[in-house]
Every structure is written in C-alpha cells, then in structure tokens.
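A.B. asks: Have a look at this one.
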Amino acid sequence: MPIPEKSDWPKADDGTTDWESLFEDDETGLIALVQTSSTPEQLKERTVAIIQAIFARKPGTRITDKVMAYLNKLIPEDADPQRLPTMKNGVKQMLRKIKDDRIRKAAAYVKKKALKKKKGKLKKKPNRRSHPVGDFIHHHNTFVSILVVALGVLVPLGIYLGSPKEKVAGGNVSEHIGWIDNYVYNHLPNNTWVLLGVKQTRASQISIEILITDPNHISAIHAMRRIARVAVLNQICPPAGSGVKSILEQGWSLWVTLKSADETLTGGTCHYAD
C-alpha cells in the first residue's frame, strides 16, 4: 500500500488537511500502512517516507531532526526482527504525536485566518448605527451608576473566588520551555533515550517526556523500587548550576516522565536544594 500523494490527502470542511483521517483511516491511513510492515527495514522505510511527505516544506529543521533521531534509535540498522511489534508501537505513538501537532496547527491557522477576515470586514464596513449599549447607558444613567458601583465590588470578589488555588509562575513560558528543551536534548544520559517533548502541564509546572528504547533499561526500571527511580529521573533534570535556577526562582517546577513504547515507566518532580 503506497503513501498517498499530497493532492489525494483528505480535506476537512475548512479546507485544511483532515489529519485525523489521513493518519487513522482503517484502510488508507498512514498508521494502517506502517502496521502492515513485515520487517524492521520496511517499517523504517515507510516511516521515513511519511516523515518526508509531512515535513516537505521544512526539511532539516529541529523537529525533523528529533523525529529522525528517535526513529534511528527505535529501529537501528541491525534491528532484531523479533522486536518488530515493539517497533511498530513506537512508530504508531510517534505518528500520533505528529498528527496531534498537525491538528493543533491547523486549528490555529483557521482561527487566525478567521480573525484576519473579521478585522478586514470591520475596517471596510464600519458600523455607523447607534450602539444599543451606548443608548441604554444614555437613557438609564441612574441605573447604570448603581450597576457600576455594584460591579466595582463584585468583580474583584469574582476574580478572587474564581482564581485557581495553584500559583501561576512567572516569566515567558515559551522561553523557559525552549531553554529546557535545548538543555535536555543536548544532555541525555544515554543515546537510546529520546526527548519526546517539553510542555507546560500546569499553571506552574513544565513537563519533560523521555522515551527509553533500550529493553535492558526498561527492565531495570521495572525492577527498581519507587524511591530508587528518583535517581534515574534526576539524570534528566538540569543541574542547579546549568541556568535552570532562574526558571525555578520564577515559581516553576519541573516534572519528568519516562516512557517505553508501550507504557509510562515512572515520573516525578526534579528536586533542588534551597
């Protein structure tokens, strides 16, 4: 089953690619295609072709480098054919992450396009009719005065009552994530470990997700007591002297999750001495 040409990719109603169908269709989807692979070599060849098709506009970028690094570790040149089911699961997980990323970007594009169109209409056709809210204020001055006073009391109270209990950390979260991503990517403790991603998961928490592909490492983590796994997680945490302290001082904490292709192995918070 060949990879469909881009011109044949399914389209959503808004004109963007229907990424869900492209990846998940039981008969023609990209995931269904790779799952029919009979050897590690065929699985890798098909996956590379899919990656090249999806990222054709931006070859050699950081994201494609990450995806290819992950794929080369998951399916090395001398891959054991008996591990084909595990490799297929790993590829499926990777493709679904790419799909989710494409869906998010498509939604953002559609939203941006709609806002741009709306702004264009407002500039071309200004509304010169009387404003109903303005008319109401003009004809009901006394009532509005009372309402404004009431809102002056209620709005701060509503903000207070509606505020999340968790403190929102400071600084530019995108810059923090970029710094952590770059540091962890360049300081992985083993070449069979893959950085899947860094993202904000709570108001004051940034999560680091690592894929472990070495079966021996996976078995070793399974055999560890929970408290002993902290030492493994700490290998991912940027050390205090690396520059991470400026992020922590702004109220952020770091969470590390270690995964295999099939499951979450362990997770925990990076701990730093005061």
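Just so you know, all these numbers are worked out from the coordinates, no wet-lab data involved. Computed from a predicted structure; not experimentally measured. Cβ sites come from the backbone with ideal geometry, for glycine too, and all protein chains shown count toward neighbours.
A.B. asks: Between A114, Q82, Y70, whose Cα lies farthest towards the positive end of the dipole of segment 68-123 when Lys and Arg beta carbons carry +1 and Asp and Glu beta carbons carry -1, centred on the Cα centre?
C.D. replies: Positive-end residue among those listed: A114.
A.B. asks: Using Cβ contacts closer than 10 Å as the measure, can you line up V230, V256 from fewest to most?
C.D. replies: V230, V256
A.B. asks: Over the Cα atoms of segment 6-107, Rg to Rh with Kirkwood Rh, two decimal places?
C.D. replies: We get a ratio of 0.97 for segment 6-107.
A.B. asks: Could you tell me what a quarter of the Cα convex hull surface of segment 173-269 works out to, in nm² with one decimal place?
C.D. replies: One quarter of the hull surface, i.e. the mean projection, equals 6.0 nm².
A.B. asks: Within a Cβ distance under 11 Å of S21, other residues only, what is the Lys/Arg minus Asp/Glu net charge?
C.D. replies: Local net charge: -4.
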